[in-house]
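Here's the structure we're looking at; comments come further down.
Bear in mind these aren't lab numbers, they're just calculated from the coordinates by the rules spelled out. The model shown is predicted, which means the values in this text are computed figures rather than measured ones. Virtual Cβ from ideal backbone geometry, glycine too; neighbours counted across all protein chains shown.
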Amino acid sequence: MSQPVTLITGASEGIGAELARVFAAKGHEVVLVARRGELLTTLADEIAAAGGKTPMVVALDLVAAGAVESLAATLAGAGRTVQYLVNNAGFGLIGRVYELDQAEQLAMVDLNIRALTALTLRFLPEIRKASGGVLNVASVASFMPGPGFAVYYATKAYVRSFSEALAEELKPAGVKVSCLCPGPVETGFQSRAGMSFTGAMAAMKPALVPAAEVARQGYDGLMAGRRIVIPGLVNKALVWSARMTPRAVLLPVLATAQQKKRP
Ligand SMILES: NC(=O)c1ccc[n+]([C@@H]2O[C@H](COP(=O)([O-])OP(=O)(O)OC[C@H]3O[C@@H](n4cnc5c(N)ncnc54)[C@H](OP(=O)(O)O)[C@@H]3O)[C@@H](O)[C@H]2O)c1
């Protein structure tokens, strides 16, 4: 008998760690994936100490060649099948495309798009069999182009488009697919992206939804079968106004906003 699990990528910190806490608290056996194994082990110990099922930890670089197959083999070897997949690992890079390092930008595409897609395709047969679900973490950035943050915004547009289509395809099979679209959340994301939480970003702090609340809404949204989950009223309003604003007006406004987030 194989044991159904919830596979969570990018679980070593930030939103992914909070998602792991929420799924574990709801009784799921979670498998934690990220590169920094020591952080995953600390989180696994915390979850077990809090009474959750002891998580399995897989320290893995998801953009390395053969990563998804190696993860699948590890899970199969441990008698685990994926019922829920949480594609959360991702990063951004702020700056104009011609200023940023090309290899780093392509690595972002590899993680945010390629690894997410590869994991989904690889584990979908198991997820379908278990009538489980997929929670993909995009961003409010998925609803608009992002001059000054262009590749990141475009990767998230892919994630949302893919998730919405998948939700429709999998509805008859009883598989839930949700796309979690947070606004800015204070995590390791900002320092990795080259942003600072000073100046314009600091002024936004009171309106930010904490990572734990983002994770809770993501979990509830998935279980309720909601295609899109946007935590926070301010973020919902932002998405609505971006949809209503002509691109010729929106693009220069967004370019200025990104410029202000740079240190
Ligand atoms: N924070 C925000 O403002 C915000 C807003 C909207 C959407 N999001 C999205 O939310 C998701 C989580 O971001 P976060 O804010 O929680 O950022 P974070 O704190 O920087 O966490 C990112 C996670 O991804 C993992 N990761 C990065 N590269 C990886 C790789 N090559 N292989 C495996 N794991 C990798 C990191 O772990 P290791 O370094 O240990 O590998 C870490 O656990 C991302 O998809 C991000 O785009 C964030």
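Observations
- Selection over region 128-179 of residues that are of a type outside the set (A, V, I, L, M, F, W, C) and within 22 Å of A224 (Cα to Cα) gives a count of 19.
Yes/no per residue for (1) touching a Cys at 6+ places or on another chain (Cβ under 7 Å); (2) exposed (fewer than 14 other Cβ atoms within 10 Å of the Cβ); (3) over 18 Å from S139 (Cβ atoms):
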| position | (1), (2), (3) |
| --- | --- |
| G194 | no, no, no |
| P206 | no, yes, yes |
| R216 | no, no, no |
| M223 | no, no, yes |
| W240 | no, yes, no |
| V249 | no, yes, yes |
| A257 | no, no, no |
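- Within region 166-193, being touching a strand residue (DSSP E or B) at 6+ places or on another chain (Cβ under 9 Å) and part of a helix (DSSP H, G or I) holds for L166, A167, E168, E169, L170, K171.
Yes or no, residue by residue, for (1) touching an Asp or Glu at 6+ places or on another chain (Cβ under 9 Å); (2) β-branched (V, I, T):
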| residue | (1), (2) |
| --- | --- |
| Q105 | no, no |
| D110 | no, no |
| A115 | no, no |
| R122 | yes, no |
| E126 | no, no |
| A130 | no, no |
| V137 | no, yes |
| V140 | no, yes |
| M144 | no, no |
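- Taken residue by residue, region 11-20 has at least one member that is among the charged types (D, E, K, R) and more than 24 Å from E126 (Cβ to Cβ).
- Looking only at region 142-187, and only at residues there that are of a type in the set (A, V, I, L, M, F, W, C) and closer than 19 Å to E213 by Cα, the one that is farthest from the ligand (Cβ to nearest atom): C179
- Residues of region 5-17 classified as more than 8 Å from the ligand (Cβ to nearest atom) and either exposed (fewer than 15 other Cβ atoms within 10 Å of the Cβ) or within 20 Å of V185 (Cα to Cα) (or both), total: 1
- Residue under evaluation Y153, criteria (1) in contact (Cβ under 8 Å) with a residue 24 or more places away in the chain; (2) aromatic (F, W, Y); (3) under 23 Å from I94 (Cβ atoms), criterion not met: (1)
- The requirement of being within 11 Å of the ligand (Cβ to nearest atom) and either farther than 22 Å from I228 by Cα or in contact (Cβ under 8 Å) with a residue 60 or more places away in the chain (or both) is fulfilled nowhere in region 94-104; no residue meets it.
- Residue count for region 197-224, restricted to those that are closer than 19 Å to A20 by Cα and more than 14 Å from the ligand (Cβ to nearest atom): 7
- Within region 18-52, the residues that satisfy the criterion of being outside any helix (DSSP H, G or I) and near the ligand (Cβ under 10 Å from one of its atoms) are L32, V33, A34, R35, R36.
- Checklist (1) under 26 Å from T41 (Cα atoms); (2) within 21 Å of the chain's Cα centre (by Cα) applied to A73, failing item: (2)
- The requirement of being over 19 Å from R192 (Cβ atoms) and in contact (Cβ under 8 Å) with a residue 40 or more places away in the chain is fulfilled somewhere in region 53-63, by at least one residue.
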